[in-house]
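The values are calculated or read from the model by the stated rules, or taken from the named source; none is laboratory data. Worth saying up front: this structure is predicted, and the values here are computed from it rather than measured. All Cβ positions, even for glycine, are placed from backbone atoms using ideal geometry, and neighbour counts span all protein chains on display. Please note that ligands, DNA and RNA were not included when accessible areas were found on the heavy atoms of the full protein model with its side chains. Shrake-Rupley method; radii C 1.70, N 1.55, O 1.52, S 1.80 Å.
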Amino acid sequence: MLVLGIESSCDETGVALFDTGAGLLGHTLHSQVDLHAQYGGVVPELASRDHVRKALPLLRSLLAETGVKASDINGVAYTAGPGLIGALMVGAAIGRSLAWSWGVPAVGVHHMEGHLLAPMLETPAPEFPFVALLVSGGHTLLVRVDGIGAYRILGDTLDDAAGEAFDKTAKLLGLDYPGGPLLAELAQQGDPDRFHFPRPMTDRPGLDFSFSGLKTFALTTFQKHGSDPQARADIARAFQDAVVDTLVIKCRRALRQSGIGRLVVAGGVGANRALRQGLDALADELGGEVFYPRLEFCTDNGAMIAYAGAWRLQAGQQQGLAIEVRPRWSLEELDAVSA
Ligand code: KG4
Ligand code: ZN
């Protein structure tokens, strides 16, 4: 089954073609980072308008590049939530309408399901069950995954998401938007021994996270030492070390408690090199395995939506003709797909 996937939940327009037999045929992406950078964050209305402008040209170039004809496509998957409502509406309206005009079924995909299944596009793909660490701009979740759609949330953030904490801390250090990758770069020049930030919520049981205190810690440290030119890099380093350590501690706990040896990491912060080193060391320590998507599939993309949607469509799930999105939507509400 050949499925077109469309991602438009935030500031990236992604389209991809995934075939349940042949695998990923191609994908293409347009990032709106330059559009939003001057405002220091995503402007929802500008995001929606840009998705309108880019989705169909991206699809045309993907079809030309892969040699796939529209008539070869057997189904359409689009991100139905969670995300920015206007941005979601654009992808849903385009996806649902294309499916209707082509006479094929359509399915709305949960954006975080896309992220957590993204490592399945790699070889070797993780087998079920696994524990997934989802660390993006909007979410920080530990999820037990027993199959496609069989998700149990083990831990969640009580305040900021990991990526959001990276972005806000980067902003207060004077870095551009989105600051996460820039902060990670700056941290490389930082002294790991100068400042020590807390590891929030690691001294009590449970798998929930809280990152907003770290941002405040970074702010007060910056106010005290800001006049020293080296302080920014040292603060970036202390902040990143604290986030990475906290995530590693909670992953260790989740793997031990669930008795599962496989860890899957996904979402934009999953591209962070220090986090990958920390989790690789954890897998060695526990004799387990850790799976990552390729870097371009850590952040938002159409391939993960085409993948998740293809298995749902193949199992017979599909949406009615109404164009519906869900800006708020828990992973635990999804229907399981039997293998
Ligand atoms: O998954 P994603 O592309 O979008 C959401 O669904 O949120 O994640 C974007 C987030 C941003 O907060 C960005 O700063 C962060 O991922 N990010 C990073 C890195 N690359 C992206 N954070 C830390 N280190 C990185 N290398
Ligand atoms: Zn995302």
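At-a-glance table
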quantity: Test: residue in region 316-326 that is in contact (Cβ under 8 Å) with a residue 24 or more places away in the chain, open to solvent by 40 Å² or more (accessible area, probe 1.4 Å) and within 16 Å of ligand 1 (Cβ to nearest atom); calculated: yes
quantity: Every residue from region 114-133 that is part of a strand (DSSP E or B) and within 15 Å of ligand 1 (Cβ to nearest atom); calculated: A132, L133
quantity: Residues within region 278-315 that are among the basic types (K, R) and within 15 Å of ligand 1 (Cβ to nearest atom), tallied; calculated: 1
quantity: Residue that is closer than 15 Å to D160 by Cα and outside any helix (DSSP H, G or I), where the choices are R204, R199; calculated: R199
quantity: Residue check for V68: farther than 16 Å from R312 by Cβ, more than 12 Å from ligand 2 (Cβ to nearest atom) and part of a loop (DSSP other than H, G, I, E, B); calculated: yes
quantity: Count of region 292-306 residues which are within 16 Å of F130 (Cβ to Cβ) and open to solvent by 20 Å² or more (accessible area, probe 1.4 Å); calculated: 1
quantity: Condition met for L263 (more than 14 Å from ligand 1 (Cβ to nearest atom) and of a type in the set (A, V, I, L, M)); calculated: yes
quantity: Matching residues, region 40-58, being in contact (Cβ under 8 Å) with a residue 24 or more places away in the chain, away from ligand 2 (no atom under 16 Å from the Cβ) and surrounded by fewer than 23 Cβ atoms within 10 Å (Cβ to Cβ); calculated: G40, E45, S48, D50, V52, K54, L56, L58
quantity: Pair list, Cβ < 9 Å and 6+ apart or interchain, from region 135-159 residues that are touching a residue at least 12 places away in the same chain (Cβ under 8 Å) and within 12 Å of ligand 1 (Cβ to nearest atom) to residues that are open to solvent by less than 20 Å² (accessible area, probe 1.4 Å) and among the polar types (S, T, N, Q); calculated: V135/N272; G138/S9
quantity: Failed criterion for K215 (all others in (1) touching a residue at least 12 places away in the same chain (Cβ under 8 Å); (2) charged (D, E, K, R); (3) open to solvent by 50 Å² or more (accessible area, probe 1.4 Å) hold); calculated: (3)
quantity: Test set (1) part of a helix (DSSP H, G or I); (2) under 19 Å from the mean Cα position of the chain (by Cα); (3) of a type outside the set (S, T, N, Q) - F18 fails condition number; calculated: (1)
quantity: Matching option when the condition is touching a His at 6+ places or on another chain (Cβ under 9 Å) and at pLDDT 95 or above, among L279, L313, L334; calculated: L334
quantity: Residue in region 267-281 that is in the same structural domain as C10 (by TED's automatic domain parsing), within 12 Å of ligand 2 (Cβ to nearest atom) and touching a residue at least 60 places away in the same chain (Cβ under 8 Å) present; calculated: no
quantity: Some residue of region 259-280 being touching a Leu at 6+ places or on another chain (Cβ under 6 Å), assigned to a helix (DSSP H, G or I) and open to solvent by 20 Å² or more (accessible area, probe 1.4 Å); calculated: yes
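Conditions tested, residue by residue: (1) at positive phi; (2) assigned by TED's automatic domain parsing to the domain that holds T20; (3) not in a strand (DSSP E or B).
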residue	(1), (2), (3)
V76	no, yes, no
S97	no, yes, yes
M112	no, yes, yes
G137	no, no, yes
